[in-house]
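Down below is the structure, laid out as structure tokens.
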Amino acid sequence: APLNLENFCSELTDIFQLSAGNQCNIIFSSQGEHTQAQMDEDLLNCIFTNLLSNAIKYSSQNSTIWFDLICKDGLATFQVKDQGMGIPLKDQARLFQTFYRASNVGVIQGTGLGLSIVKKCVDLHGGHIQFESKQDVGTTVIITLPLRSFASR
Ligand code: ATP
Ligand code: MG
């Protein structure tokens, strides 16, 4: 069944905002008229629960997280942007490796599996993932997925 990405993302935002309470403020925005997609909802859930939980976990109190969706030209572009601790340049190349965690995580717990799973989910959808991050400034993860991920028969 087709999935409405705008509804999907805004519901996920509500769930994460409820669980984060006043620790952070999550702002969702959507651009584009056609947000219907043929995508696997479980894979999308896996991708964005990991990205939103990272954004919350690696941010300090009272910070803002922006979750943006842009649908155009047959592509959905999703952006999760935070104002958290960022990722040191020297750690960035290994981020999608299993069990890899950056050197600045301190006491924050994690297995280092989330992003490697996200990368696999994006690849399965024929999509693309990139990020921009600066230590002590924040991180933005950008994911592009085709709105129709499988060939028409
Ligand atoms: P888990 O498997 O529980 O998600 P994790 O969060 O440590 O554990 P990943 O989600 O794979 O693992 O992230 C890998 C590493 O990338 C993290 O340990 C952290 O160092 C860094 N990282 C990921 N997202 C962010 C972010 N939004 N801000 C700062 N660092 C991040
Ligand atoms: Mg994680």
In the stretch 41-75, the residues that are surrounded by 15 or more Cβ atoms within 10 Å (Cβ to Cβ) and among the charged types (D, E, K, R): Lys57, Asp68
Condition (residue is closer than 21 Å to Gly112 by Cβ and either at pLDDT 95 or above or of a type in the set (A, V, I, L, M, F, W, C) (or both)) applied to the stretch 30-42: is it met by at least one residue? no
Only unsatisfied item for Phe78, checking (1) more than 16 Å from ligand 2 (Cβ to nearest atom); (2) farther than 17 Å from Val122 by Cβ; (3) surrounded by 14 or more Cβ atoms within 10 Å (Cβ to Cβ), is (2)
Just one of Thr140, Thr144 is touching a residue at least 24 places away in the same chain (Cβ under 8 Å), touching a His at 6+ places or on another chain (Cβ under 8 Å) and more than 12 Å from ligand 2 (Cβ to nearest atom); which is it? Thr144
Which members of the stretch 69-92 meet the condition of being within 11 Å of Ser30 (Cα to Cα) and within 15 Å of ligand 1 (Cβ to nearest atom)? Phe78, Gln79
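The values are calculated or read from the model by the stated rules, or taken from the named source; none is laboratory data. Here the structure is a predicted model, which is why all the values come from computation and not from measurement. Glycine gets a Cβ as well: all are built from the backbone with ideal geometry, and neighbour counts include every protein chain shown.
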